[in-house]
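Reading through the structure tokens given below for one structure.
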Amino acid sequence: MDLPLDYATLKVIWWGLVGILLIGYALTDGYDLGVATLLPFVAKDDRERRLVINSVGPTWEGHQVWLITGGGALFAAWPYVYAISFSGFYLAMFVVLAALILRPVGFKYRSKRPSAKWRSGWDWALFVGGFVPALIFGVALGNVLQGVPFEIDRTLRATYHGGLLGLLNPFALLAGLASVAMLVVHGASWLVVKIEHGPVMDRAAKFGQIAAIGVIAFYAIAGIWLAMAGMGYRIVSDVDPNGVANPLRKEVVVEAGAWLTNYGKYPWMILAPVLGFVGSALAFVGLRNKTSLSLIGSALAATGIVGSVGTSMFPFILPSSLDPNASLTVWDSSSSHLTLFIMLVVTGVMLPIVLAYTAWVFKVLWGRLSADEANAPGTY
């Protein structure tokens with residue numbers, strides 16, 4: 001059957017769509033994670049903590065659709081990537097899942113009893129549920145940029161040779177700190193536009209400004225590290241973009257600075273890191289003045305920083321540090337032509353519905369939240 005789009009075009013479209021889903025998660029649930037991370041530091045008593053918690057209480061559950069959809073898209077579009085990453089990062093993902101489970105339990109149970117000790121314990125659980133995923137997501141991206149220790153044999157069976165502690169290397173931890181800082185800025189920006197003026201907003205703006213400076217510093221250091229260290233992969237053989245999925249049909253070399261070559265080859269990609277820096281600077285200014293510019297800036301920063309990982313690595317998706325030739329790319333690790341096309345049709349129907357629903361929820365719930373409203377019966 002002849003399909004309207006050729007195989008190579010569909011592969012690139014799905015590379016972009018998976019990136020959009022990851023950015024969508026960072027923009028929506030990202031500020032939930034950031035607010036949870038800030039909770040113990042910006043709220044000093046139970047009344048203030050309920051104000052912070054209820055600023056995200058009505059919407060956080062709906063944001064999980066981006067994470068679930070992103071994982072599903074990864075499984076359907078890039079089965080090799082899904083299999084190797086989810087098995088190799090299994091323990092790290094288990095930690096993330098355990099931390100994320102604390103969030104719904106914390107929201108539902110913290111106000112069931114008036115005990116200060118009870119509520120404080122759940123507040124710290126909410127902090128863990130925000131900080132740990134934010135850190136590990138960044139650590140995971142840092143490891144992907146360095147290359148993941150797996151190999152693929154002649155029967156296309158993959159074997160992962162790493163461990164949980166091996167993920168906690170210096171560059172990955174730097175990426176993790178950048179991720180935490182980025183989401184703290186996003187969370188602080190949300191509090192600035194969502195809650196009433198007062199001490200909680202003042203503290204959020206203060207911590208957000210510090211985090212914005214941290215984002216710029218960590219992001220710049222990571223860029224220099226990528227340019228100067230022996231980090232980066234390059235395909236040196238011919239590749240058939242319309243070929244079937246077989247990661248072993250190419251030759252790859254490790255080359256310092258290779259992750260930055262795309263910005264010369266495709267000049268439009270430079271927009272991603274520019275957004276990362278400019279957005280962080282705008283967020284800093286917005287937080288300093290306590291205006292909605294902070295949320296616009298933090299959203300641009302998150303879009304640019306997450307996007308820069310994909311643009312830097314293209315066409316690589318999951319490079320191998322043990323056998324560079326086994327690295328997974330857009331061209332050789334995708335599902336079949338028909339599968340990608342059917343999924344594109346389904347996504348063309350469902351993604352606008354998700355976007356419309358999300359926009360509607362924000363429209364209905366938009367407006368500042370007061371401490372009285374946050375502490376009313378029936379709230380978290």
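The values are calculated or read from the model by the stated rules, or taken from the named source; none is laboratory data. This structure is a prediction, so every number in the text was calculated from the model and none was measured. All Cβ positions, even for glycine, are placed from backbone atoms using ideal geometry, and neighbour counts span all protein chains on display. Surface accessibility is based on the protein's heavy atoms, side chains included, excluding ligands, DNA and RNA. Shrake-Rupley method; radii C 1.70, N 1.55, O 1.52, S 1.80 Å.
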The chain, helix-only ellipticity at 222 nm - DSSP H runs n ≥ 4, -39,500 (n - 2.57), divided by all residues, nearest 500 | -23000 deg cm²/dmol
Sort ILE195, ILE216, ILE23 by accessible area with a 1.4 Å probe, largest first.
-> ILE216, ILE23, ILE195
Please work out which option in [x] 193; [y] 134; [z] 124 gives volume of the Cα convex hull per residue in Å³ calculated from these coordinates, and answer with its label.
-> [y]
Expressed as a whole-number percentage, the relative contact order of the chain with C-alpha contacts under 8 angstrom and at least six residues apart is 24
Which pairs in the list LYS11/LYS108; LYS108/LYS194; LYS290/LYS363; LYS117/LYS194; LYS265/LYS363 are over 30 Å apart, alpha-carbon to alpha-carbon?
-> LYS11/LYS108; LYS265/LYS363
Can you give the extra length, in nm with one decimal, that the chain gains between ARG368 and THR291 once fully stretched, where that is 0.36 nm per residue apart less the Cα-Cα distance?
-> 26.5 nm
Roughly how many nanometres apart are two label points built 7 Å out from the Cα toward the Cβ at GLN64 and LEU173?
-> 3.2
Just order 50-56, 108-114 by mean Cβ neighbour count inside 10 Å, highest at the front, would you?
-> 50-56, 108-114
Report the dimensions of the range 241-380 along its three principal axes from the alpha-carbon atoms, largest first, rounded to Å.
-> 63, 37, 28
Mind pulling the angle between the C-alpha long axis of helix 170-194 and the longest principal axis of the chain? Nearest 10 degrees, somewhere in 0 to 90.
-> 40
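How long are the semi-axes of the equivalent ellipsoid of the range 283-361, taking √(5λ) for every eigenvalue λ of the Cα gyration tensor, in whole Å from largest down?
Details: eigenvalues 227, 112, 9 Å².
Each semi-axis is √(5λ); the values are 34, 24, 7 Å.
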Work out the charge dipole of the range 139-249 with +1 on the Cβ of Lys and Arg and -1 on the Cβ of Asp and Glu about the Cα centre, then indicate which of PHE207, ASN242, GLN146 is farthest towards its positive end.
-> PHE207
Can you give the angle from 0 to 90° between the axis of helix 293-313 and the longest principal axis of the chain, with both taken from C-alpha atoms, to the nearest 10?
-> 20
Karplus-derived 3J(HN,Hα), 6.51/-1.76/1.60, for each residue of the range 94-108, Hz, glycine and proline x | 5, 4, 4, 4, 4, 5, 5, 5, 5, 5, x, 5, x, 4, 6
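At 0.36 nm per residue, minus the direct Cα-Cα distance, what do PHE94 and GLU151 gain on full extension? Give it in nm, one decimal, please.
On the way: separation 57, 0.36 × 57 = 20.52 nm, distance 2.26 nm.
Here the answer is 18.3 nm.
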Per the 1/(1 + (r/R0)^6) rule, R0 = 22 Å and r from the Cβ atoms of VAL244 and PHE86, FRET efficiency to 0.05 is 0.45
To the nearest 10 degrees, the tilt of helix 79-88 (Cα long axis) against the first principal axis of the alpha carbons of the chain is 60
Per residue, how many Å² of accessible area does the range 1-124 show with a 1.4 Å probe?
-> 45
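Show me 24-32, 364-372, 184-192 ranked by packing, highest mean number of other Cβ atoms within 10 Å first.
Working: 24-32: 24.8, 364-372: 12.1, 184-192: 30.2.
Averaged packing, sorted descending, gives the order 184-192, 24-32, 364-372.
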How would LYS363, LYS250 rank on accessible area, largest to smallest, probe 1.4 Å?
-> LYS363, LYS250
For the chain, size of Cβ-based charge dipole, Lys and Arg +1, Asp and Glu -1, in debye = 1220
Which of the peptides 163-169, 289-295, 277-283 is most tightly packed, and how do the rest follow, going by the mean number of other Cβ atoms within 10 Å of each residue?
-> 277-283, 289-295, 163-169
Express in % the proportion of alpha carbon pairs of the range 1-83 at distances exceeding 15 Å.
-> 67
What base-10 log of the normalised intensity I(q)/I(0) is obtained for the range 149-293 from the Debye formula, alpha carbons as equal point scatterers, at q = 0.10 Å⁻¹?
-> -0.54
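Go ahead and run the numbers for FRET between ILE342 and TYR109, Cβ-Cβ distance against an R0 of 35 Å, rounding to 0.05.
Given R0 = 35 Å and the Cβ-Cβ separation, E is 0.25.
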For the range 325-337, Karplus couplings with θ = phi - 60° (6.51, -1.76, 1.60), whole Hz, Gly/Pro x = 5, 8, 4, 8, 10, 4, 7, 10, 9, 8, 6, 5, 4
Solvent-accessible surface ranking, highest first, for PHE94, PHE150 at 1.4 angstrom | PHE94, PHE150
